[in-house]
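Report on the following structure.
All of the numbers you see were taken from the coordinates with simple rules; none came from a lab. Here the structure is a predicted model, which is why all the values come from computation and not from measurement. Here the Cβ positions follow ideal geometry from the backbone for every residue, glycine too, while neighbour counts run over all protein chains shown.
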Amino acid sequence: MDLADTGVTLEVDGPRATVSLVRPDTLNAQSPRMWDALRRVGDSLPEAVRVVVVRGEGRAFSAGLDRRLFTVPPGETVDGMPGITSLAGMAEDEADATIASFQAGFSWLRDPARVTVAAVQGHAIGGGFQLALACDLRVVADDVQFCMAEPTLGIVPDLGGTFPLVRAVGYARAVEICLSGRRIGADEALAIGLAQRVVPAGELDKAVEELVAALVTAPAGAARETLGLLSGVADGIDPAGALAAERAAQLRRLRSLAAGEG
């Protein structure tokens, strides 16, 4: 897969895939081209990949949307892409489909077929915050700064960030985070459930390596089934439905084990 000039790279090493944002000179500012690259990465991952790590190169995870896309005049482009304001001039169906294509770069990270881990340092603003939220787990450096900046800019989070934010911190806290546009540091992120672990910035890579090693301990089939069960509960399945899902998953596992499939 050709990812040249997209600002995204992919490395696959056995059960681990590492997706990196590689525009450090812009603090990994995002663009529609980057979102399309992320979508293609998600579509192309080998079945053997069990853990995906998403990281940013340099001193920030991602400072959000490339600001040039807010200011480019109608009819002009930034790196070959139209500005965000061009969406307002599109027909309803075309604009909806365009935003849906942007969201597809993030939504595959919530597929329970694999565990996804955001390794977050420095700024994770707007689209950067939403990218981190799209992952199942977030390991953060002690210099992290989360911020949902979109409402303060007159727009809304539209890359799939509202669902996992409310799921992580609850409705009331999500309201305050989004409408205030304030920064959330490492200690608060850990306390309210935005982060699962905080480490010194120089130890971020090591901490992620340790987590990846732990996450692939369980057999792949058992891990996938368990992720599916937990995801269903988190998404609001009722208790009776959760019990039924557990029964069905267990039967699939037992039959796989009896057949020698592991």
*With axes computed from alpha carbons, what is the tilt in degrees of helix 204-215 against the longest principal axis of the chain, rounded to the nearest 10 within 0 to 90?*
30
*Can you give the relative contact order of the stretch 8-215 as a percent, counting alpha carbon pairs under 8 Å and 6+ residues apart?*
19
*Give me the distance in nm between label points sitting 7 Å out from Cα along the Cα-to-Cβ direction at R67 and A95, one decimal.*
2.5
*First select every other residue whose beta carbon is under 9 angstrom from the beta carbon of P24; then total the charges, Lys and Arg +1, Asp and Glu -1.*
0
*Could you check the simple spin-label distance between T77 and R252, using points 7 Å along Cα→Cβ, in nm with one decimal?*
4.2
*Stretchable slack from E261 to D158, in nm (0.36 nm times residue separation minus alpha-carbon distance)*: 33.0 nm
*Along the charge dipole of the chain, which of A195, L179, A220 sits closest to the positive end, that is, farthest toward it, with unit charges on the beta carbon of Lys, Arg, Asp and Glu (+1, +1, -1, -1)?*
A220
*Which option, (1) 8, 33, 38, 19, 2, 0; (2) 7, 29, 35, 21, 8, 1, 0; (3) 6, 25, 30, 19, 13, 5, 0, is the value of P(r) over Cα pairs in 10 Å bins from 0, in percent that was calculated from these coordinates?*
(2)
*Computed E for D111/A191 - FRET, C-beta separation, R0 30 angstrom, nearest 0.05*: 0.60
*V49 to L230: FRET efficiency via 1/(1 + (r/R0)^6), r the Cβ-Cβ distance, R0 22 Å, to the nearest 0.05?*
0.70
*Please identify, among R182, R247, R68, the residue showing maximal mean-square fluctuation in a Gaussian network model of the chain using a 10 angstrom Cα cutoff.*
R247
*Note down the magnitude of the dipole of the chain about its Cα centre, charges +1 on Lys and Arg C-beta and -1 on Asp and Glu C-beta and zero elsewhere, to the nearest 20 debye.*
640
